[in-house]
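Participant: Take a look at this one; I'll ask things after.
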Amino acid sequence: MTDQRWHEAVISLGSNIAEAERKLRDAIGRLKEVGRDIVVSEFYHTPDISGSGVMYLNAVLKGRFMMDAASLHDECKTMELSLGRRKPSSGAKGEVAIDIDVVTFDGEVLRPVDYGRRYFTIGMEYLQGGRVL
């Protein structure tokens, strides 16, 4: 359901495929279409949390959205699918075309595990330090 006021969200973005930068830029573009006051950290690499050695390209996006948390989450998952995200059984093992997760919404941590992981905290540090695109 769409809420009729602006909400602040912080969103984690990641991809581990050859076209990772293009996927992140496409996701950022789509989020800019549905939000405002968008600020994006510089891109950075982090290793896969499973220890597989696969590297992800990551960014953190902060912005305002005129929808509730559930609607924003659904919008992000729709974006993932349209940008090539596949269920693990339907794609190459371990490949993630794009991952878009709402980590905080109006200051509330929705994904506590992500909130404490380096693939998110680096991006937050970049935003706070002015290292933005």
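What follows draws every value from the coordinates through simple rules; no lab data is involved. Treat the numbers as computed from the prediction; the structure is a model and nothing was measured. Cβ placement follows ideal geometry from the backbone for every residue including glycine, while neighbour counts extend to all protein chains displayed.
Participant: Might you report the magnitude of the Cβ-based charge dipole of the chain about its Cα centre, with Lys and Arg at +1 and Asp and Glu at -1, to the nearest 20 debye?
Facilitator: 280
Participant: Let me ask something else. Projected onto the charge dipole of the range 7-128 (+1 at Lys/Arg Cβ, -1 at Asp/Glu Cβ, origin at the Cα centre), which of 98, 7, 71 gives the Cα projection farthest towards the positive end?
Facilitator: Toward the positive end, the furthest listed residue is 98.
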